[in-house]
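In what follows, a structure is listed as structure tokens, so that the remarks can point back to it.
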Amino acid sequence: MPSTDHQLTEPVMGPAEALSELFTPAGKHNPYPLYDALWDLGPVIPLGPSGTLVLGYDEVCTALRDPRLLVTDADVHRTTGMIDHSSWQCFTKIMMFSNSPDHERMRRFAGWAYAPRQVAEHRHLAARAAERWTARLATLAEDGPLDLVEAFATRVPITVSGELLGIPEADRMALRTAITATTTAFEPVFDRGELAAADSGMDVLVAYLGSLVRERRRRLGEDLVSVMVRDRDAAGALSEEELIASLVMFLIAGVQSPSDLIGSVVRRAVEHPAVARELATDDGLVAAFVTETLRHDPPNHVLTRAACTDIDFYGHRVAAGSRVLLVLAAANRDPRRFPDPAVFDVTRRDSRPLSFGLGPHYCLGAAFARMQVEVAVPILLRRFPCLALAGPPSFRDQLVTRGFARMDVTLGTA
Ligand code: HEM
């Protein structure tokens, strides 16, 4: 199954040139030729005082486990002034952007919520959501091609997370736009105005979840918000702001990346109809297919770390305070680790892509995300075995949190 996004374009370019191209709309749409160009410069590329770029698989693993490379927390965002923005005010109160000891405190508090045993209990929610939105597709398709991102890929995860968090049905779809908007804050910001959409999205989510927390405190239920309110009030392990920020994070992470992954898996499936037919019925193949999609085109391309001291990293000096950009999507195509890395090959063994990170910040929701995708996509493909793209899908203008803006499909005869 050859990949279509790997053609090497121009002769080798310098790191600065390739990096600046990476964050143009064309670069974000298809960054893989640029990763190839950068790969020619080595698995670790010094970018001068501003930082270091890491592309190699082993090198990214080492960086993610190195206690001297920290996530960009409130202290970092205070020095850049980003913390004045409501998006980063909230993000710096969550575990993803906290270092020791706050990170461990928060992870201990909420870690159980998406543990494999809990996830297994939520399987029926994913199946019910997928059946429901699949059934609706048939009625929408009478009007011609439909946007699968809008009608399915985002709806399944928001329905599942909405059920878990106890968000009333009527409110869920309105929160979707705000969720996607907040993820633009993860992109490099060249002008603070670029944070406006993320800030307004965050204001909506913080206000909404804040009022849900107050409501649950008046009358506790069985949902995750109720359990977290009860646990917080009993143990005082989180501040009120941290509690709300954690719930905001569960909503954003619980919806955006799973939705992007559903889009990617469906796209690969429709490009390979013979495999898609097998996917609909073979549970073992679904897991391998999702893993290979995560490797080949992950929902999150870049993670950032900040060095807390001077470091010698594979022979390169990383100065204290400088940034280290870890390109997960390039590491997942490191030819030393993955033979023929551009080829989409579901038969790879012991693949272990880095798409959920590694080390202390390894994705808390990995099992939950995979479960939703592995349940939802076969339900869709069983109902619509002739699903086909009605045109080239378009990406959102984002690289750190990457996914389709729109994917027009025809359902074919079922
Ligand atoms: C396909 C879907 C997903 C992908 C690709 C993904 C990817 C990632 C990655 C790469 C990290 C590491 C961040 C870092 O090291 O800086 C991460 C962390 C995290 N993810 Fe996910 N994620 C997904 C779904 C989810 C879901 C469904 C949830 C929860 C509902 C979730 C919650 C988290 C949390 C809380 C962290 C921070 C963990 C920590 O700092 O200890 N993610 N995710």
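The values are calculated or read from the model by the stated rules, or taken from the named source; none is laboratory data. From a predicted model like this one, the values you see are computed outputs, not experimental measurements. With ideal geometry, Cβ positions are generated from the backbone for all residues, glycine too; neighbour counts draw on all protein chains shown. Just so you know, the surface numbers come from the protein's heavy atoms only, side chains and all, with ligands and any DNA or RNA stripped out. Shrake-Rupley method; radii C 1.70, N 1.55, O 1.52, S 1.80 Å.
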Exercise for review: Output the helices (runs of 4 or more DSSP H) that fall wholly within segment 111-193 and possess 3 or more residues being modelled with pLDDT under 95 and over 23 Å from R216 (Cβ atoms), or say none.
Suggested key: 116-121, 123-140
Check your understanding: How many residues are over 24 Å from E169 (Cβ atoms), charged (D, E, K, R) and within 15 Å of the ligand (Cβ to nearest atom) if we restrict to segment 212-250?
Key -> 1
Revision key, fill the gap. Scanning segment 262-277 residue by residue, those open to solvent by less than 20 Å² (accessible area, probe 1.4 Å), more than 16 Å from the chain's Cα centre (by Cα) and not hydrophobic (A, V, I, L, M, F, W, C) turn out to be R268
Practice item. Kindly provide the set of residues from segment 287-307 that are part of a strand (DSSP E or B) and open to solvent by less than 30 Å² (accessible area, probe 1.4 Å), ordered by number. Key: V302, R305, A306, A307
Revision key, fill the gap. Residue count, segment 74-101, condition in a helix (DSSP H, G or I) and either basic (K, R) or out of contact with any Lys or Arg (no Cβ under 6 Å at 6 or more places or on another chain) (or both), comes to 18
Revision key, fill the gap. Those residues of segment 90-100 which are touching a residue at least 24 places away in the same chain (Cβ under 8 Å) and within 23 Å of F190 (Cα to Cα) amount to C90, F91, M96, F97
Review point. Does I83 satisfy being open to solvent by less than 80 Å² (accessible area, probe 1.4 Å) and under 18 Å from L364 (Cβ atoms)?
Key: no
Check your understanding: Would a scan of segment 375-391 turn up a residue that is within 11 Å of the ligand (Cβ to nearest atom), open to solvent by less than 20 Å² (accessible area, probe 1.4 Å) and small (G, A, S)?
Key -> no
Check your understanding: Only one residue in L251, L247, L303, L243 is touching a residue at least 12 places away in the same chain (Cβ under 8 Å) and closer than 23 Å to W39 by Cβ. Which one?
Key -> L303
Point to revise | Among residues of segment 47-75, those that are within 13 Å of the ligand (Cβ to nearest atom), within 23 Å of P101 (Cβ to Cβ) and either aliphatic (A, V, I, L, M) or surrounded by 13 or more Cβ atoms within 10 Å (Cβ to Cβ) (or both), counted | key: 8
Check your understanding: Is it the case that some residue within segment 109-122 is within 13 Å of the ligand (Cβ to nearest atom), surrounded by 14 or more Cβ atoms within 10 Å (Cβ to Cβ) and more than 29 Å from A198 (Cβ to Cβ)?
Key -> yes
Study note, to complete from the structure: Restricted to segment 94-108 and to residues being open to solvent by 70 Å² or more (accessible area, probe 1.4 Å) and more than 10 Å from the ligand (Cβ to nearest atom), the residue nearest to F368 (Cα to Cα) is R108
**Study point:** Test: residue in segment 308-318 that is within 16 Å of the ligand (Cβ to nearest atom), in contact (Cβ under 8 Å) with a residue 40 or more places away in the chain and either open to solvent by 10 Å² or more (accessible area, probe 1.4 Å) or of a type outside the set (G, A, S) (or both)
**Key:** yes
Check your understanding: If you check V189, V204, V149, V156, which single one turns out to be more than 20 Å from N300 (Cα to Cα) and not acidic (D, E)?
Key -> V204
Check your understanding: In segment 142-180, what residues are open to solvent by less than 60 Å² (accessible area, probe 1.4 Å) and in contact with a strand residue (DSSP E or B) (Cβ under 7 Å, 6 or more places away or on another chain)?
Key -> L146, D147, L148, V149
Check your understanding: Scanning for something modelled with pLDDT of 95 or more, surrounded by fewer than 23 Cβ atoms within 10 Å (Cβ to Cβ), closer than 16 Å to I262 by Cα and within 13 Å of the ligand (Cβ to nearest atom), does segment 330-353 turn up at least one residue?
Key -> no
Check your understanding: Out of (1) farther than 21 Å from L22 by Cβ; (2) in contact with a helix residue (DSSP H, G or I) (Cβ under 6 Å, 6 or more places away or on another chain); (3) at pLDDT 95 or above, the odd one out for L285 is which?
Key -> (3)
